[in-house]
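The values are calculated or read from the model by the stated rules, or taken from the named source; none is laboratory data. Because the structure is a prediction, the values reported are computed rather than measured. Neighbour counts are summed over all protein chains in view; Cβ atoms, including those assigned to glycine, are modelled from backbone coordinates with ideal geometry.
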């Protein structure tokens, strides 16, 4: 009897000793933040505004409430990476454990500091979470590119736009280019500043279509178009689905009718397809457009356009774009005879918003529409097609509203 038990137990012990212990998680991210309110739209414009998904490059999480609202003690749920631990900074400056779902006082636009410690206790990451009041929008916008700085890693440039977008920044593909060509210097990225290069002698921005090097070739993303847009670029998902990772638009409370910008463009010498095969007779073209779309569907769910449907989403109610050739089905037509008119000399271009549906004034007032502003050095760059070396310079952008 005892001998049988021994024979059964020993193999089990031996088997257990051969199983390697799973390595502990090294990630320390906040993945989502949710504020719990009984009547969310007393404070926010939409129910879904109480939830923010946090992309991997974000450390500052900002919720925006109505200008007249004030939030005090709010149950706050934080979703963090598996095995990690979350702490909040106390009034005496020490980090103490935070129980997800506990109330946090966000009154007076208080900034709260959180720290996430990885499961293996080796890595930490600090965040701030703030609830700020919405600021009245003046409507018409004049945008230059005088305010810019290097990102936290010192690798690429970021342009500020506090008067234009809620999050205060233009987005571009530079973070993705860093993954493919980490050895590049800041001025070798697709989106770079040109000091004193504007038509009036001010700083402007240069968008250039760049070779992404051996890594880009390996993942079949051989070029990166210089880009500039408002919205979100989720660099953590850029390799898996670059189009989905590029999310366009910011809530807007006015009816935009006209967009003007000073442009210069020089196409690269050889247009290539995604596999880097040259296509003879095709000249690369720049892009500039703006759209207005309904950001909430009939069931109250958030609508977010991305690189797949930024010009085709059925919730778009207005669109204006530089002229291009199109096929009979409306798809882009590559051409050796571009009609956009942008040359290597500075010119001011004007495009008008063409509306299929008039925006509803009440929906506008409650930020139910989002405005997209976008530029690119290669109009097919989202599909990794274009001419390496194409350069688009931009300055003095203006949006006029009704």
query: Within segment 273-282, which residues are under 25 Å from residue 345 (Cα atoms) and either surrounded by 20 or more Cβ atoms within 10 Å (Cβ to Cβ) or within 25 Å of the chain's Cα centre (by Cα) (or both)?
result: 282
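Quickly run through segment 62-80 and pick out the residues that are over 14 Å from residue 127 (Cα atoms) and in contact with a strand residue (DSSP E or B) (Cβ under 7 Å, 6 or more places away or on another chain).
Across segment 62-80, the qualifying residues are 64, 65, 67, 71, 72, 73, 74, 75, 76, 77.
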- prompt: Is at least one residue of segment 217-226 assigned to a loop (DSSP other than H, G, I, E, B), modelled with pLDDT of 95 or more, crowded, with 18+ Cβ neighbours inside 10 Å and under 15 Å from the mean Cα position of the chain (by Cα)?
  reply: yes
- line: Screening 55, 124, 143 for residues that are touching a residue at least 12 places away in the same chain (Cβ under 8 Å) and touching a helix residue (DSSP H, G or I) at 6+ places or on another chain (Cβ under 8 Å) leaves only 55
field: Some residue of segment 182-189 being modelled with pLDDT under 95 and part of a loop (DSSP other than H, G, I, E, B)
entry: yes
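Please go through segment 314-332 and pick out each residue that is part of a strand (DSSP E or B) and within 25 Å of the chain's Cα centre (by Cα). Outline the logic, then answer.
Here is the first cut: in segment 314-332, the residues part of a strand (DSSP E or B) are 316-321, 326, 332.
Hits for segment 314-332 are 316, 317, 318, 319, 320, 321, 332.
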message: Suppose the filter is surrounded by fewer than 17 Cβ atoms within 10 Å (Cβ to Cβ), out of contact with any strand residue (DSSP E or B) (no Cβ under 8 Å at 6 or more places or on another chain) and either modelled with pLDDT under 95 or closer than 18 Å to residue 392 by Cβ (or both); does residue 241 pass it?
response: yes
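Pick out the one residue from 70, 151, 92 that is farther than 30 Å from residue 375 by Cβ, touching a residue at least 12 places away in the same chain (Cβ under 8 Å) and surrounded by fewer than 17 Cβ atoms within 10 Å (Cβ to Cβ).
Working: 151 fails: farther than 30 Å from residue 375 by Cβ; 92 fails: touching a residue at least 12 places away in the same chain (Cβ under 8 Å).
The conditions single out 70.
Condition check: free of Cβ contacts under 8 Å to residues at least 40 places away in the same chain, outside any strand (DSSP E or B) and in contact with a strand residue (DSSP E or B) (Cβ under 8 Å, 6 or more places away or on another chain). Does residue 38 satisfy that? Break it down into steps so the answer makes sense when it comes.
Working: free of Cβ contacts under 8 Å to residues at least 40 places away in the same chain: yes; outside any strand (DSSP E or B): yes; in contact with a strand residue (DSSP E or B) (Cβ under 8 Å, 6 or more places away or on another chain): no.
Criteria not met by residue 38.
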Count of segment 318-331 residues which are in contact with a strand residue (DSSP E or B) (Cβ under 7 Å, 6 or more places away or on another chain) and more than 14 Å from residue 289 (Cα to Cα): 1
task: From the list 285, 298, pick out the single residue that is loosely packed, with under 12 Cβ neighbours inside 10 Å and in a loop (DSSP other than H, G, I, E, B).
output: 298
message: Can you go through 371, 311, 393 and tell me which one is at pLDDT 95 or above, under 30 Å from residue 275 (Cβ atoms) and either in a strand (DSSP E or B) or not assigned by TED's automatic domain parsing to the domain that holds residue 267 (or both)?
response: 393
query: Which is under 20 Å from residue 260 (Cα atoms) and either in contact with a helix residue (DSSP H, G or I) (Cβ under 6 Å, 6 or more places away or on another chain) or touching a residue at least 12 places away in the same chain (Cβ under 8 Å) (or both), of 319, 302?
result: 319
message: Just to check your reading of the model, which residue among 326, 383, 355 is surrounded by fewer than 22 Cβ atoms within 10 Å (Cβ to Cβ) and within 26 Å of residue 217 (Cα to Cα)?
response: 383
